[in-house]
Every structure is written in structure tokens, then in C-alpha cells.
1. Go through (1) among the charged types (D, E, K, R); (2) assigned to a strand (DSSP E or B); (3) touching a Lys or Arg at 6+ places or on another chain (Cβ under 8 Å) and name the single condition A:Asp171 misses.
2. Go through the range A:145-157 and count every residue that is more than 14 Å from A:Tyr111 (Cα to Cα) and surrounded by 21 or more Cβ atoms within 10 Å (Cβ to Cβ).
3. Is there a residue in the range A:443-450 that is surrounded by fewer than 21 Cβ atoms within 10 Å (Cβ to Cβ), within 14 Å of B:Glu186 (Cβ to Cβ) and more than 7 Å from chain B (Cβ to nearest Cβ)?
4. Among B:Leu474, B:Leu427, B:Leu458, which is within 14 Å of another protein chain (Cβ to nearest Cβ), over 39 Å from the mean Cα position of the chain (by Cα) and not small (Gly, Ala, Ser)?
5. Filter the range A:158-167 down to residues that are surrounded by 18 or more Cβ atoms within 10 Å (Cβ to Cβ) and either more than 10 Å from every other protein chain (Cβ to nearest Cβ) or without any contact (Cβ under 8 Å) to a residue 40 or more places away in the chain (or both), then give me how many there are.
6. Mind checking which residues of the range B:105-115 are more than 7 Å from chain A (Cβ to nearest Cβ) and of a type outside the set (A, V, I, L, M)?
7. If I filter the range B:403-419 down to residues being under 22 Å from A:Arg145 (Cα atoms) and either within 9 Å of chain A (Cβ to nearest Cβ) or among the hydroxyl-bearing types (Ser, Thr, Tyr) (or both), which single residue comes out as farthest from the chain's Cα centre (by Cα)?
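Just so it is clear, none of the values below were taken in a lab; they were calculated from the coordinates. Note that this is a predicted model, so its numbers are computed, not measured. Every residue, glycine among them, receives a Cβ derived from its backbone with ideal geometry; neighbour counts consider all protein chains shown.
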2 protein chains.
Amino acid sequence: MAEEAAVRAQAEAVRRLKQDKADPDEIAKEVTKLLEMKARLGGDEGKHKFVLKTPKGTRDYSPKQMAIRERVFNAIITCFKRHGAEVIDTPVFELKETLTGKYGEDSKLIYDLKDQGGELLSLRYDLTVPFARYLAMNKITNIKRYHIAKVYRRDNPAMTRGRYREFYQCDFDIAGQFDPMIPDAECLKIVHEILSDLQLGDFLIKVNDRRILDGMFAVCGVPDSKFRTICSTVDKLDKMPWEEVRSEMVGEKGLSPEAADRIGEYVQLHGGLDLIERLLQDPKLSQNKLAKEGLGDMKLLFEYLTLFGITGKVSFDLSLARGLDYYTGVIYEAVLLQQENDHVEEPVSVGSVAGGGRYDRLVGMFDPKGRKVPCVGVSIGIERIFSILEQRVEASEEKIRTTETQVLVASAQKKLLEERLKLISELWDAGIKAEVLYKKNPKLLSQLQYCEDTGIPLVAIVGEQELKDGVVKLRVVATREEVRPW
Amino acid sequence: MAEEAAVRAQAEAVRRLKQDKADPDEIAKEVTKLLEMKARLGGDEGKHKFVLKTPKGTRDYSPKQMAIRERVFNAIITCFKRHGAEVIDTPVFELKETLTGKYGEDSKLIYDLKDQGGELLSLRYDLTVPFARYLAMNKITNIKRYHIAKVYRRDNPAMTRGRYREFYQCDFDIAGQFDPMIPDAECLKIVHEILSDLQLGDFLIKVNDRRILDGMFAVCGVPDSKFRTICSTVDKLDKMPWEEVRSEMVGEKGLSPEAADRIGEYVQLHGGLDLIERLLQDPKLSQNKLAKEGLGDMKLLFEYLTLFGITGKVSFDLSLARGLDYYTGVIYEAVLLQQENDHVEEPVSVGSVAGGGRYDRLVGMFDPKGRKVPCVGVSIGIERIFSILEQRVEASEEKIRTTETQVLVASAQKKLLEERLKLISELWDAGIKAEVLYKKNPKLLSQLQYCEDTGIPLVAIVGEQELKDGVVKLRVVATREEVRPW
């Protein structure tokens, strides 16, 4: 009904426009108004009455969820700082053209701001493109930085699996011209440290290289023009069986069945240094310049990872492709292998929890003179990690404190508000985390109950006798032990 | 030229539209395209070539600025936690209708998102309305929480004075039905603690009450319907002399000169408990129910502030009005009295650095049954504080470290990359913050220089002799002292 009315109103307005000799600006204004009206009325989510909710694909964080979030952030930031990273921040929106042409097919998922006069703006889609813009704008050729912030994608949300339209990314990147694979190896070491620290269960870091993929496509007979689109199809191998991927290649993407089958043989390979050595001897791959370069660097990477002692959880995997356009070299993705926590009734299905790679040409896209700054980085997929930890906390019935209050200032009798306020003021000024109930005459029992509920360990009790003696009684909530320390 | 072309193209398109029998949807689509084109071409900021910048009124934070920002946040969060606050977070955008009707005249400053299908969304304008929405949505009647996040206003930026279109708010609020003025007093205590901690120089917290203002307007002969608009004019007294404010009241707002003069007498009053007592005896004000209630609570507030020992920096000021519509009781604003730092050449002009008040009806606007949750809170104006501290750091030439690295793993000879990587891996695993240069064969001098530049205090040096002896040489960068501790 609402949609019909909107369309009728629009048709009517167009009739009026055709009769009038209105100037273009007025027409445009009129139609904008109509479009806004249509948007208000039409569409799946158009509602006439006010709905009390957050936007689709977003959520609030309650104090309990924030407590978990801060724990995870602390682990991650500690690791980033351990590796000597600086931190930067950028605005939540960028000029629309800053984001244009960076994300391939995914560009349709970008949130645009309404044109209210002035610049055309879009919400950031990731932290990598703003980082590249920042480097080019400030002519920075050398930095190791982290950035933790929310990004925005108009994707289909799957919130129970931690997929949101507003979500956090935790990015660590190293920009600069360095000797090969040393920064790349450090990024993998960081993923290994963070996933170990967070105790999310067993994990595997898959590694590949865009040059190896491109070389493989070339020797399999994929035409140059189809490299990126076939790469996108290979990227689906973690969600689809090979047969479906193959039929997409041949059916939708128009690849020859022979080429697809040749790809099929390569993409099932995964291993370590042994596989790299074998492929360096592969009669076809070894003849391809790109593949050879990629395999040479992969070998170097695995040598460094051996020094770091983390090859046990790293797998060179030819099926790893990653969606984004801007990668130019090594790429990686960390997946959780299973739910460690068996007694969770419905285990959360989690896939990738970290990913990244080398992007040597992105900064050059922003630099007026095209000067390149080689970059490599990793992004921790924090929302999925939150989901797992939240479910784990729910299942374990662990009581999470959401405040850090050390002592409640309480009174044993009525009419002692003034004394309580005087005492708590002294405690605050001494840097002690303290609370008081906002009541003139609270019952002692309800004050003690408040401590039980919120986990406050101590109560400082002011009573008539204590006032006479010039002391305060201190009570340990858990043991009910009482002391008069002064 | 660009604008002319756009207008010509639009006129042409409209001609085509008038000839065609296109259906309304197609017309609308066509015009949308044109509008987008016009937006790209026209307007002040329309440029043909790509501009490397952040959106108007926004900025990046460099590592150095982040270091200052984190210092300020730490001081503020420490204070909020000392008072037992929990923390929440909400999405950066809300349903448009959530923000509608909450900000009076300022609504025009709200950023809307483009309608890309689905819900109509707007960027949050402050943290208070999302907080009220959160309480109503989750039926929370009782919480003490803080929230630190960015908010968005399409205002005229004045970035050197810390006024941005994207800026941080640090909010602390107490929601719940409590005995009068105890939470209100705690909010003022918090402002006092934070401004003292940050050592920004001398400050003053001005306090008033919306009920006193309304009572004052009533006894001065302002018609009920003009209360809010006259209140907005009074709010300008911190930027304009009384004569200009008066002429706006009489000229623009149509107030009688007599009423304006009567207001003029009240708004020059400021003081403490003595002034409150005097106004409680004021023959006119004391007859007004609202004013009497407000004055009674103001008296109670000052009694509590006396217990907290902070009345020295608090002034009951009848000229304080505050712009926002939603306040219902006590209101306050903290201003810096002067630049403490005299040798800054161009002192930053800073006004208010904190503000807030009581808003007892906002949550009820969201609750389907109109259930009220009384709230009082304070917002710290962090951007202005950043500006001051950034300028102070610049002036003092204080060297701010932007990393926390404790040790650089260096080598004295060539071909020791493997040894360096093995050692740094051990250090990382032991939780030590360590860096290594990403070069195969860096010179010792350039490694030491890196420590000087970034403030790393220690160098762990691997050399051939040390490897033979199975030790590592540790060097203190500042003193050049060397030790071989193991």
C-alpha cells in the first residue's frame, strides 16, 4: 500500500513537471524530495511507526561484552607494541573517490553519505586504503603502525557468526623498502602470537603468493584477462567443494575444462618447504617467471618462519587466493581448526580469524607522481573472536566484573549521608576506586547486596560508634571478616 | 565552467525526459544520476582531478598526536573507573528517526547516509541520544556508564581551535531514580578531578538549572512559547556582550524591552550559597514554583559540593543556558580561565572544555509506554584539550616516544640475520618489546642511530665473538655502557 501511494505521488509529480516550465534545478529538487519520500515509504524495512532498534547489521556492546572486547584488544595491542608498532587514526569517512577502484566487485558494499552539499563522502570499507592514502598524503615512506577501528560494509549480516555491517578491524602493517620477506615473516609471527595468546584452540595459517597463483593460471592456460575473476572463484574453495568451483570456472567464467582440471591439480597441494622445493622443480611452473619469483620468496619466508619456530602451524596452500584486488605478493589467512570448547551446545561456525598480505602498488595509486611504497600487513578478524569468547563465557558461567570498584562506602545507620560523601571524596582524591549508593538512608543489607551483585570486594562502613572513635570499619565482602585498621 | 557544463547536461536530460514516455522509476533513476553528476562537478569543493586529503573538518592522527590522545584518554578513563562506571558502545549510525526531534535547531547539522535501499540512517550527533535509545531498548532503569567515541556534526569547522566535524566525546552518565542531587554532585566532582589531573591551568565550573531559567523567564514576563528561543539567546552571553544579546531578544525574537531588561538584571548574577539564599528570598522568583524547586536543589547541590571540597571552582551563574533541548534540571559547563602556558606565541582560544546536565525525559521519548528514566551526565570536550596539549608539546620541544620498544636486536658484522631473528623471536616469546632492522646486513652505526631517533634505550648486539662465547652484548644507548650479562 505504501509503495503504491509513493509511486502514485511520483507519477503525479512527473505529470506536473512535464506541464511546468520549471528550471532544471527546481525539477531536480522536486524529484529528490520524491525519492526521499519513496525511500521512507517503500522497501523491505520501511515502517510507519517508530521502531526501537539499532540499524541492520549493527549492535550495541553491553558492559559485559565490552569487558570481553577490552580483554581481546589488550592482548592484540600488547602484541603490536611488542613488535614496536606506532598507532595512527583516520576519519570514519573518506572522500568517495579515495575508495573508488580499490575493491573490485566489492565496491557495491560501500556506504555512501548523502549529498548534503560539499564533498561526496563514503564510510571506510577497510583500514588499508585509508592507510595508503595517509602515507601518500604525508609522503611517508617508512612506518610500522597499527590501527584499530570500525569499518563498514553493506553486506548480508550473519551476526551469530560474527559477521556485521559495522565491525572492528585490527590492522598491523609495515611500509617501506626492505630486504625481502623479513617484514612478511614478522606479520605471520604476530598472527601466531595473537592466536596463541587468546587460546582460541588449534589454528592454521595458510600462505600463498599472488605471483604463484598468476604463474599457475598462466601455465594452466588461463587467458591473462581472466586471472582476477578465476582468482575470485579459487577463493571460494574454503566454502565450496572443488566440483562446484570447477563448474563455476567452466560455466560462468567460460574457462576451458582442460585448464580448469589443470588448476584443480595444483590447488589441492599444500605443505611446507618440501612442497616449495618440489614446485621449484615443476617442469611447467619453474619456467614461469612470476611463479619462480613467488616460490623463491616463499622458500625464504619458510626459512625465516623456521627461525621463529612457527612452521608447525603454517601451511603453504595453493588454494588460498583472497578476494581483494590490491595484493601483489605473499597472502595469508588464519583459520581455527575446531572448537576447543566441546561443551558449547551449538558451536559457532567460524572461518578465517586473520588475513593479510603484501600490497606494493596501493600507495602509488594515491601518489601524484605514482611513487610506490611497498607494504605488507595483517588484519585480525576480531568480531569472530568476540563471538567465540562471548559464547565461551556464557557456557562457563564465569562471572565477569564490569567495573573495577574496590570499595563501597556504606553506613550502618540513618542520617550519615554527609559522612559517607566526605569519606568517599577522600578515597577518590587518594586514587581509590570507590562507590556510594545514591540514597540518603540506604539499608546496610542493600549496600552489602550491591557489593555481592557487582563484585566489590570491600565495604568501608561508617557508623555512630566509628564516628565517635574516629575510625572506619572495613569489611571483606567474601569472608565477612571485619577490620578497623585505623 | 564545470558548473555550466553540468547545468547544460541536466537541461538536456530534462528535455529528453519530457519527450519520452519513460515510467516514473526510470525518470527518477535518470535524475538521481544527474544529481550525482552535478554534485561531483558543482559546488565549492567540486574538483575534476583527484585531491589527496581527508574530508572537510576531519583529520588524521599521527603517531605523535595519538600518544598525546592516549595520555588524555587514560586520565579520563581512570577517573570514570574510579567512580565505578561501566562502559558501553553503540553503532556510529542510528536510524534517522532515532535522532529526529532531539536537537532543536541543530538538527540541520546531522549527517545523513545515502539511501542505498533499506533503512534511512544518520551518523550520531552526540552520545546522549544513543544512550537514551540504548536504555529504552534494553529496559535498563539503572546504570552508571561511560562512553568514549566519535560524533559527527556538519558545522563550520575551526580546526585550530579544536572544532571539527568528526570529534570525540567522552561521556559519563548516571541513569536511575535516586535521592536528589547526589549523582549530579558526583558529575561535578568528576569534572573537577579530570581538569585538575590534566593540569590545563585554572578553570571554573558554571552551574545553573533549567527550572531556575524558566522561572526567571516567567517572572520577567517572557511568554511561555518563547522560553526555548530566549534561552538560546541567553546561551550566547559567553560570546557576545549583553547589549547584543538584548537587541537579539527584542529585535529578532520580539521580546518586550522591559522583559529583556528584567532578564538583564538576573543574568549578571553569579556566586555561591549566598546568592542561592538571596534568590530564595527574591520576592518574584520565590513565588515561582519551578524557580523555587530549582533553587532548593541548587542549595542541596552546593552542600554536597562543599563536602567534596570543590566549591572554590564552582560558580552558580544565571547566565548559563546551554543550547540543547533535552535538559530538564541542573546544567553546567567548565571553562578554562586562561592559558597557563605563557610562552606559547599564539595562545589557543578555548572556551568550554566540559558540559552537561540533567535530562529526565529523554529516555521516555523512546520508551513505547513513555516510562521515564531520570539521567544526569557530563561530556568532556576532548578535542579542545588535545589542541592545548599539542601546542604545549610543540612549544616545550618535549620528545614524545611513539613506540614502547625496549631493545633493538643488532649485529656487529655481516651475515648475522639468522642469529638476529633467532634472538628476537626468543625476546618476543618472553614478552619483551623488541625490534630488528629489516635488512640483511645493516651497519652497526645505522642500528645505533635508529635507537637514538626512536628512543629505544637498549641494544642487544650479536657479533662473531659473542656467538663463539655463547653470549649477547647489551648496550645502554644513552651512556654507551656495555654489559655482557650472560
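1. With respect to (1) among the charged types (D, E, K, R); (2) assigned to a strand (DSSP E or B); (3) touching a Lys or Arg at 6+ places or on another chain (Cβ under 8 Å), A:Asp171 is out only on (3).
2. Going residue by residue through the range A:145-157, those that are more than 14 Å from A:Tyr111 (Cα to Cα) are A:145-149, A:157.
Next cut, surrounded by 21 or more Cβ atoms within 10 Å (Cβ to Cβ) only: A:145-147.
So the answer is 3.
3. no
4. Details: B:Leu474 fails: within 14 Å of another protein chain (Cβ to nearest Cβ); B:Leu458 fails: over 39 Å from the mean Cα position of the chain (by Cα).
Within the list B:Leu474, B:Leu427, B:Leu458, the selection yields B:Leu427.
5. Restricting attention to the range A:158-167, the residues satisfying the condition of being surrounded by 18 or more Cβ atoms within 10 Å (Cβ to Cβ) are A:162-167.
From what's left, either more than 10 Å from every other protein chain (Cβ to nearest Cβ) or without any contact (Cβ under 8 Å) to a residue 40 or more places away in the chain (or both): A:162-163, A:167.
Matching residues across the range A:158-167 total 3.
6. Narrowing the range B:105-115 to residues more than 7 Å from chain A (Cβ to nearest Cβ): B:105-110.
Correct list: B:Glu105, B:Asp106, B:Ser107, B:Lys108.
7. At the first step, the residues of the range B:403-419 found to be under 22 Å from A:Arg145 (Cα atoms) are B:403-410.
Filter once more, keeping what is either within 9 Å of chain A (Cβ to nearest Cβ) or among the hydroxyl-bearing types (Ser, Thr, Tyr) (or both): B:403-405, B:408.
Details: B:Thr403: 25, B:Glu404: 27, B:Thr405: 31, B:Leu408: 38 Å.
Among those that are under 22 Å from A:Arg145 (Cα atoms) and either within 9 Å of chain A (Cβ to nearest Cβ) or among the hydroxyl-bearing types (Ser, Thr, Tyr) (or both), it is B:Leu408.
A quick yes/no check of all residues on (1) closer than 26 Å to A:Leu427 by Cβ; (2) crowded, with 21+ Cβ neighbours inside 10 Å; (3) free of Cβ contacts under 8 Å to residues at least 60 places away in the same chain; (4) under 26 Å from the mean Cα position of the chain (by Cα):
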{"site": "B:Gln281", "(1), (2), (3), (4)": "no, no, yes, no"}
{"site": "B:Gly296", "(1), (2), (3), (4)": "no, no, yes, no"}
{"site": "B:Leu305", "(1), (2), (3), (4)": "yes, yes, no, yes"}
{"site": "B:Gly309", "(1), (2), (3), (4)": "yes, no, yes, no"}
{"site": "B:Val314", "(1), (2), (3), (4)": "yes, yes, no, yes"}
{"site": "B:Leu320", "(1), (2), (3), (4)": "no, yes, no, yes"}
{"site": "B:Thr328", "(1), (2), (3), (4)": "no, no, no, yes"}
